[in-house]
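What follows is a short report on a single structure.
The values are calculated or read from the model by the stated rules, or taken from the named source; none is laboratory data. The structure displayed is predicted, hence computed values, not measured ones. Because the Cβ atoms are built from the backbone with ideal geometry, glycine has one as well, and the counts that use them run over all protein chains shown. SASA here: full protein model, heavy atoms, side chains in, ligands and nucleic acids out. Shrake-Rupley method; radii C 1.70, N 1.55, O 1.52, S 1.80 Å.
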Amino acid sequence: MADEFRFVALRAFARPPRLLVVVPYVEAEWVHWAAAGLGALSQVWGGCAGAVVPASVVAHPSLADLMRRMQPDHVLAYTPSGATVEAIRPGVIDQMVGDLKGEARVQSEAFVRAEPWQHREALEVEQAAAGLRERLGVNATREMAQETHLFDDPAKAGLTVLTDVAIRPVLGVPFPLVSTPSALAYAARVGVDLDAAADSRIPEEARWQEGVTQHASTALLDWLHPSSPQDTLAMLDPTAARCARLERDRFQAEPVVVLGDRPEDFALAQLANVVHGPCMWVPWPDPSAMTITAVSRAGEGAAWPGSPVPRCRRRTSRHGCTRCGSAGHAPSSMAKRWTTRHSSACR
């Protein structure tokens, strides 16, 4: 007699692509360019599982292993619109349209604002993205549709727009407000809205820092959008995109704090958050003055009061411990978490 029929419950899941976005680097403007790249990433379904890396640090040794472990589906060169470039460099559109007058000028300005802008750093971004694709083996599968650029207008790329799948209205930090590393640290957690205009509510640095250290808190985001509906979610909240983080074959993740205010610190924190788990970027000089609250993999809150920051990772070993000056900040042999070696005086 034939074996009995048995029925197995099956469920199908679809995940968004993992995106690694390379943005321009200019020393005096790097925070603005990073925020612009986050703004473009925030508009895409699955942006919560992506990362933004300035072009100047794509070859940084501290980031190589994390980028490999991230296994991005696409490495994208960020190409801003004219409106974004104008926000970073006021006056460039006037230079572009020249002496045009009347209706011709209005139409030209509207066209330049909406179209991708080929700025002078575009070649560096293209080369950095191409180098990453080669090193990481990305975009090598012929059967898959491949993307190479990320635009401010999601419709220009073959990626799903977040608002097409979002279960509730979404909010982000207005792009003009992201002008300091502390503001960028908060924006990297909740998302950046390229279209939102900044009103008279401009947070002080202490308020940005408070928003960073309050895990999963959107109080500052609600304060920035006082007229928004009550049921909104942050643009980079996985819930908004109907996503959930999957933990497979991974050691117990411990919260990580990245110290430093440089582009490589920003990139390290984002990549660690994608690959490792809970990660907080603290770009201000004295994190010991406040309590840092993180959430473990199990979802239990862990308060880190005062000066002892239990886990930290600096961009290179030459920086040393913020407490004892030890130079030993290195990945553990597990390569899944980062531990810090302190001097005996620090213990």
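Could you tell me whether any residue of region 2-23 is in contact with a Ser or Thr (Cβ under 8 Å, 6 or more places away or on another chain) and of a type in the set (A, V, I, L, M)?
No, that holds for no residue.
Take the conditions in a loop (DSSP other than H, G, I, E, B), touching a residue at least 60 places away in the same chain (Cβ under 8 Å) and among the charged types (D, E, K, R) and apply them to Asp237. Does it pass? Let's see the steps before the verdict.
On the way: in a loop (DSSP other than H, G, I, E, B): yes; touching a residue at least 60 places away in the same chain (Cβ under 8 Å): yes; among the charged types (D, E, K, R): yes.
Yes: the conditions hold for Asp237.
Across region 95-138, which residue is most open to solvent (accessible area, probe 1.4 Å) among those that are within 16 Å of Tyr78 (Cβ to Cβ) and assigned to a loop (DSSP other than H, G, I, E, B)?
Arg120
Scan region 27-50 and tell me whether some residue there is without any contact (Cβ under 8 Å) to a residue 40 or more places away in the chain and within 21 Å of Val192 (Cα to Cα). If you could, list the steps in order and put the result at the bottom.
Narrowing region 27-50 to residues without any contact (Cβ under 8 Å) to a residue 40 or more places away in the chain: 27-28.
From what is left, the residues that are within 21 Å of Val192 (Cα to Cα) are 27-28.
So far as region 27-50 goes, yes, one or more of its residues are without any contact (Cβ under 8 Å) to a residue 40 or more places away in the chain and within 21 Å of Val192 (Cα to Cα).
At pLDDT 90 or above, under 15 Å from Phe151 (Cβ atoms) and surrounded by fewer than 24 Cβ atoms within 10 Å (Cβ to Cβ): does that describe Gly82?
yes
Kindly establish whether Pro90 is out of contact with any helix residue (DSSP H, G or I) (no Cβ under 6 Å at 6 or more places or on another chain) and over 22 Å from Gln127 (Cα atoms).
In short, yes.
For region 44-60, check the following and say yes or no: at least one residue is open to solvent by less than 30 Å² (accessible area, probe 1.4 Å) and modelled with pLDDT under 85.
no
Being modelled with pLDDT under 90 and either open to solvent by less than 70 Å² (accessible area, probe 1.4 Å) or hydrophobic (A, V, I, L, M, F, W, C) (or both) is the filter here; which residues of region 183-198 pass it?
Ala196, Ala197, Ala198
Consider His74 carefully, then state whether it is open to solvent by 30 Å² or more (accessible area, probe 1.4 Å), under 21 Å from Gly191 (Cβ atoms) and modelled with pLDDT of 90 or more.
Answer is no for this residue.
Suppose we filter region 95-123 for residues that are among the charged types (D, E, K, R) and either in contact with a Ser or Thr (Cβ under 8 Å, 6 or more places away or on another chain) or more than 20 Å from Ala36 (Cβ to Cβ) (or both); how many remain?
Of all residues in region 95-123, those among the charged types (D, E, K, R) come to 99, 101, 103, 105, 109, 113, 115, 120-121.
From the residues that got through so far, the ones that are either in contact with a Ser or Thr (Cβ under 8 Å, 6 or more places away or on another chain) or more than 20 Å from Ala36 (Cβ to Cβ) (or both) too are 99, 101, 103, 105, 113, 115.
Number of matching residues: 6.
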